[in-house]
1. Please specify each residue of region B:90-112 satisfying the condition of being crowded, with 24+ Cβ neighbours inside 10 Å and small (Gly, Ala, Ser).
2. Condition first: within 14 Å of chain B (Cβ to nearest Cβ), within 22 Å of residue A:487 (Cβ to Cβ) and in contact with a helix residue (DSSP H, G or I) (Cβ under 6 Å, 6 or more places away or on another chain). Can you find one or more residues in region A:266-273 that meet it?
3. Which is without any contact (Cβ under 8 Å) to a residue 60 or more places away in the chain and either among the hydroxyl-bearing types (Ser, Thr, Tyr) or surrounded by 24 or more Cβ atoms within 10 Å (Cβ to Cβ) (or both), of A:765, A:716, A:746?
4. Would you be able to say whether some residue in region A:379-400 is within 14 Å of another protein chain (Cβ to nearest Cβ), in contact with a strand residue (DSSP E or B) (Cβ under 8 Å, 6 or more places away or on another chain) and touching a residue at least 40 places away in the same chain (Cβ under 8 Å)?
5. So how many residues does region B:62-74 have that are surrounded by fewer than 19 Cβ atoms within 10 Å (Cβ to Cβ) and among the aliphatic types (A, V, I, L, M)?
6. Which condition from (1) modelled with pLDDT of 95 or more; (2) out of contact with any Phe, Trp or Tyr (no Cβ under 8 Å at 6 or more places or on another chain); (3) assigned to a loop (DSSP other than H, G, I, E, B) is the one that residue A:85 breaks?
7. Anything in region A:460-516 that is under 22 Å from residue A:384 (Cβ atoms), among the polar types (S, T, N, Q) and loosely packed, with under 15 Cβ neighbours inside 10 Å? List them, or say none.
Amino acid sequence: MTRLTPDARRALASAGFTRRAFLKGSGALIVTFTSAAVADRFSGVLAQGFNGSGSTQLDSWIAIGQDGIVTAYTGKCDFGQGLYTAQMQLIAEELSVPFSRVRLIQCDTSMTPDQGTTSGQQSHPTNFNKTNLALAAATARETLVRLAATRFGGSASGLVAKDGVITASDGPQSRRVTYAELIGGKKFEVQLDPKAARKHPREWTVLGTAVPRVDMRDMVTGRFEFVHNVRVPGMLHGAVVRPPTVGATVAGVDESSVRGLAGLVKVVLKQNFVGVVAEKPWQAMQAASTLKVNWTAASNALAPQQGIYQQIRMEPSTDTLLVDSGDVDATLKASATVLRATYQHPYQMHGSIGSSCAVADVQGDKATVWSATQSAYPTRNTTAMLLGLKQENVRVIYTRGAGCYGINGADTVSYDAALLSQAVGKPVRVQLSRKDEMAWENYGNLFVIDQRVGLDGSGNIAVWDYEAWSAARGGRPGYNTPGNVVTGSLVGLNPAPFNPRTPAPAPTNPLNNGSNTAPSYITGRVRDSQNGAGTVRSERVLSHRVRSPFFTGPLRAPERLQNTFAHESFMDEIAAHVKADPVAYRLKHLNHPRLSGAIRAAAKAANWQTRPSPRPGLRQTGVASGRGIACVCYEGDNGYVGMVAEVDVDQDTGQVRVTRLVVGQDCGPISNPDGMRNQVEGGALQGISRALGEEVTWDNEKITSVDWRTYHVLPVGFAIPKIEAVLINQPDEEACGTGETSITVVAAAIGNAIFDATGARIRTVPFTPERVKAALAARRSTA
Amino acid sequence: MKYTLKVNGRPNDVDVDPATPLLFVLSDDLALRGPKFGCGLGQCGACTVISNGQAIRSCITPVSTVATADITTLEGLGTPEKPHPLQQAFIDEQAAQCGFCLSGVILTAKAFLDKNPRATEPQLQQALSGVLCRCYVNARMLKALNRYAKEVSR
């Protein structure tokens, strides 16, 4: 049995129909409408079997009710980035219906197409170009126009669709028909038409405008339903007991330690997974902290955090060569000058403000999970694996949690809730404690990166050599690896296997710079392809992946941020060495108009003064000011940014204050300028927090950054810089992403500004006052 | 233990363990959505409510200590149809992303501005130095607060 929350009922009711029956057809989702009351149970949830790109059937994406309400179904979800509103704009625009008539249902495995995971700022390119949701809307409009032509008995060419009405422009007034009259309550029964014409961005009236977020009023008045607010009848509350140290296993659980506690329903043990279920949330938390569990510590101590950047160079690794022109060593030997530097980036955490939460209702062989996962269908499959149920009997309903910025605890807590619900046969809500969230989430990877370039006699870069080591374990569970997050691993499922491979095979595939492993300044030549953004022809990009003791996974701008910090800091060091202006020196080594355009836009808006860094007339004490630039082609081809940072460095305390950030950003045609601006600003400020303070810490057996006192983030009340975002609209280009672009360059832009201000170079994130002071002292000792 | 809590101007009868943090009573027993469990440690502000004019962290406040207090949650300020002017300022500035932190930001600022209507921007920042927004909508939030502060001091 599957229950609907009151909000879900309202959403269905307001969507213009009251019951959707899901019938098994020819492997496709078939939607029917009746006037019967809302069904409390969905019989036969269908496995769609579509790949991550969704469905080829129009009826899987769009339905038009008898009242003219358009309901769209998307597999890309909104976790606070504004995608929900932007997708409604897309439907309104492409289907030529008023925005107010559009409803959207997102990421529910019983209703929406399987679009895999919402991540990597892929939703804009995936759903706003010429496939998937955009194509569905365009196909629907063209289908409606054809239906109208048939009804009018003429050709489709003279017909105009506007505001949900099709009129014949050349005929009498009576030749008009509404969408509802044409198809209301019925299926389209057509396939998505790859030739369906999308409107050109220059014709947009809804897309491209700053439509306010449809969820804003409910959020600011405390009405919005987060997954934390989901309540289903008979719901109990669970809490988990995680191991006290990394790798500890359960030797025994003393249930008598909690006997008689108020509200306690059950203690649940499954291999190393321990949890409790109680009637109320506070009772569950009390029981979890009271329960005595005997743990056997892991036999090996953790590698000390001090020295970790040296340690990971020694570990067995999986090696990958992305680019290798074969002449790097020879070119370095022949270069007039060789420069080298090493950059270090710590593990950082998503650190969602809300501890992750989920509600699961497992009844016999069926389950429903309300989850804030970014991966509704994959989570359905992996939850089914954990519970021993059939995939088609598990329904995952995406319900928003606190901003996640990647894989936070949302997936693992969904498993927690499902396991506990199965153990008691009743719906169970689980909310993690702050410590359980922070000690066990999938951190952003730790990186150490060696950079080397050779310069020719004119000071131009002749050869670029990149070699990096990063530590990883687990990741997104995908469709079949629940052991990639802590709960799956505790019940005995392994993370994705680690297979060391040295040396790396020669590159054969065209460069895919999805993790920004390659700097923007190389040609990226592999065989006949050339996917780089730059001019440097002698090039090598070699990565070593080693095993991490902690779970890792995508964190906003995953690996792209760590790599870009190293590339853009190093580029700045090179420019300083040859006494070139950092903007001009970058442009000189780029062969990419859109990236160069973003750099120029930022530099112009910042009133960039052309000169080398550091600034003339450096002083050794007091507050020093400087500016720095950084840029990236996000994921190689998914958004372009240039950022100028201005900083004040207190040379006595080591405190860095960012006073101004100017961003030039290009994501193709802009779907919602205010939404884009919100993402650019939020990413830039989050980037400051990550650059200046955030670092996961551990001792010899456990994570020690487990709350907001021990994991250092900037609060709402920090002295925020002036932020100016120049949004570069590109109506003739394809849509690309925007949510992760600005954050990618922040650490490098700040580090470069610190160098400009002081002449001190900081090559390790975060730039804590201690590190800044050490870099300033090193500058003095070599001066 | 039975209590009659005054929340958003209305009495509510509850029967709970006196040690239960107020947050759990509000969000579970009273099914309110405004105050959120962020950390349970009083460190982030997501659980903030106003109690007798003071912004307090409901996740570390035993219900027994506020049994007679006048408590306001985010939903007590205004409704979606008729938001409080401070909430309206957040709507006007589109000052949220995920929205999970808003009880902390709006109610902390509300309690502070009620007492300090002519607060300077640094004072306002100081008042929000213990409140987190992990989406970092800080710039818009400060704009919204300044907009509201200007209105009330007018």
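1. Selection gives B:95, B:96, B:99, B:103, B:104, B:109.
2. Going residue by residue through region A:266-273, those that are within 14 Å of chain B (Cβ to nearest Cβ) are none.
No - not one qualifying residue is present in region A:266-273.
3. Working: A:765 fails: without any contact (Cβ under 8 Å) to a residue 60 or more places away in the chain; A:746 fails: without any contact (Cβ under 8 Å) to a residue 60 or more places away in the chain.
Criteria check complete, one pass: A:716.
4. From region A:379-400, those within 14 Å of another protein chain (Cβ to nearest Cβ) are A:398-400; that's our starting set.
Now restrict to residues that are in contact with a strand residue (DSSP E or B) (Cβ under 8 Å, 6 or more places away or on another chain): A:398-399.
This time we only want the ones that are touching a residue at least 40 places away in the same chain (Cβ under 8 Å), so: A:398-399.
Yes: one or more hits.
5. Step one: filter region B:62-74 for residues surrounded by fewer than 19 Cβ atoms within 10 Å (Cβ to Cβ), giving B:62, B:64-65, B:67-68, B:70.
With among the aliphatic types (A, V, I, L, M) added as a condition, the list becomes B:67.
The total comes to 1.
6. Here residue A:85 meets the rest and fails (3).
7. Kept after step one, since they are under 22 Å from residue A:384 (Cβ atoms), are these residues of region A:460-516: A:474-497.
Then keep just the ones that are among the polar types (S, T, N, Q); that gives A:480-481, A:484, A:487, A:489, A:494.
Residues satisfying the conditions are A:480, A:494.
Each row is one residue, and each column tells you yes or no for (1) closer than 15 Å to residue B:55 by Cα; (2) in the same structural domain as residue B:42 (by TED's automatic domain parsing); (3) modelled with pLDDT under 95; (4) of a type outside the set (A, V, I, L, M).
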| site | (1), (2), (3), (4) |
| --- | --- |
| B:104 | yes, no, no, yes |
| B:108 | yes, no, no, yes |
| B:121 | no, no, yes, yes |
| B:127 | yes, no, no, no |
| B:138 | no, no, no, yes |
| B:148 | no, no, no, yes |
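The values are calculated or read from the model by the stated rules, or taken from the named source; none is laboratory data. Just so it is clear, the structure is predicted and the values come from calculations on it, not from any experiment. Every residue, glycine as well, gets a Cβ built from its backbone with ideal geometry; the counts of neighbours run over all protein chains shown.
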